[in-house]
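Data first, discussion second: the structure below is written as structure tokens.
The values are calculated or read from the model by the stated rules, or taken from the named source; none is laboratory data. Just so we're clear, the structure is a prediction, and the values are computed from it rather than from any experiment. Cβ placement follows ideal geometry from the backbone for every residue including glycine, while neighbour counts extend to all protein chains displayed.
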Amino acid sequence: MAEPDQPSTARMIDFWLGGEHHFPVDVAAARAFEAAYGPCAEIFRSLRGFLGRAVRSIADAGVDSFLVFGAGLPTRGNVHEVAPDATVLYTDVDPVTIRLGQRLLAGSDRAGYGFGDATDIGTIDPAQLHRFVPGWGRRPVGVVFLGLAAFLDDATLARTLDELYEAVAPGSFLAIDFDSEGLAAYPEALAMMGPAFRMRAPGAFAPLLGRWQPTVDGIVPVAQWRPEGEPERVPDAFYGAVAARPAG
Ligand SMILES: C[S@@+](CC[C@H](N)C(=O)[O-])C[C@H]1O[C@@H](n2cnc3c(N)ncnc32)[C@H](O)[C@@H]1O
């Protein structure tokens, strides 16, 4: 596979999680970010722990298929690994990450990887959707939307979440996170995220969920979302929630 000349946040996260699916350009960007902000591995391990708890809670509610947007690398505790009885379609827009993901999942009959722009669910290959998320629109599903909100402006995010609410069957769930305003204290690191990067206060995020109804756990720093034992002591860089399209 030709090496990319631009870093990807997903592959930087793979580096921080101790994975093996990143390139020198990703490592250089991750190290530059850490020089401007501080160590990131514990923060992203905590965020991946939230993914695990959120996905397991959705599976425990009886959901057995997941559609993942902005999926990054399908490894290091990603959705099909924490919900082993479910089927999972991972999607992303970055061609290098998609190819790596397809290679990682080759041979799996439960999980697949394809192109999907979260802001337009019509971009997902219908054959893949029906294979890995059977009964899409008719059976409850889990939609995983992690690491994405920061790259969408408020209007786009609100519209996208509303379209997803409309598309899924009642009884479906959404796992979502967003970046806190903490990075504002590190202007050099913030600049590295580019002009489209969005930080949000929890109060400003809640209305963007529209009709999705957060569980009683609320919208909280990810380490505090249904912690199993003592929450990790990490900066509140990410907030998260699980929200439902209520059944019936
Ligand atoms: C910060 S990474 C998150 C990766 C993974 N979800 C995680 O939490 O580790 C953001 C990912 O979103 C992808 N992305 C950006 N804009 C997107 C869009 N409009 N639709 C789908 N994916 C997008 C990027 O290519 C990247 O892989």
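Looking at Pro195, Pro134, Pro231 in this structure, which one is surrounded by fewer than 17 Cβ atoms within 10 Å (Cβ to Cβ), out of contact with any helix residue (DSSP H, G or I) (no Cβ under 6 Å at 6 or more places or on another chain) and either more than 20 Å from Gly70 (Cα to Cα) or at pLDDT 95 or above (or both)?
Going through Pro195, Pro134, Pro231 in turn, the sole match is Pro134.
So which residues in region 42-65 are within 13 Å of the ligand (Cβ to nearest atom) and more than 18 Å from Ala149 (Cβ to Cβ)?
Arg45, Gly49, Gly52
Keeping to region 183-192, report how many residues are surrounded by 14 or more Cβ atoms within 10 Å (Cβ to Cβ) and not hydroxyl-bearing (Ser, Thr, Tyr). So that I can check it myself, show each step before the final result.
From region 183-192, those surrounded by 14 or more Cβ atoms within 10 Å (Cβ to Cβ) are 183, 186, 189-190, 192; that's our starting set.
Next cut, not hydroxyl-bearing (Ser, Thr, Tyr) only: 183, 189-190, 192.
Residues in region 183-192 being surrounded by 14 or more Cβ atoms within 10 Å (Cβ to Cβ) and not hydroxyl-bearing (Ser, Thr, Tyr): 4 in total.
Of all residues in region 150-176, count the ones that are within 14 Å of the ligand (Cβ to nearest atom), crowded, with 24+ Cβ neighbours inside 10 Å and either of a type in the set (Gly, Ala, Ser) or farther than 21 Å from Gly248 by Cβ (or both).
3
Here is a check on your reading of the model: is Arg99 more than 14 Å from the ligand (Cβ to nearest atom), in a helix (DSSP H, G or I) and either basic (Lys, Arg) or without any contact (Cβ under 8 Å) to a residue 12 or more places away in the chain (or both)?
Answer is no for this residue.
What number goes with the only condition from (1) within 12 Å of the ligand (Cβ to nearest atom); (2) of a type outside the set (D, E, K, R); (3) over 19 Å from Ile219 (Cα atoms); (4) not in a loop (DSSP other than H, G, I, E, B) that Val27 does not pass?
Going through the list (1) within 12 Å of the ligand (Cβ to nearest atom); (2) of a type outside the set (D, E, K, R); (3) over 19 Å from Ile219 (Cα atoms); (4) not in a loop (DSSP other than H, G, I, E, B), Val27 breaks only (1).
Within region 1-16, how many residues are in a loop (DSSP other than H, G, I, E, B) and within 8 Å of the ligand (Cβ to nearest atom)?
1
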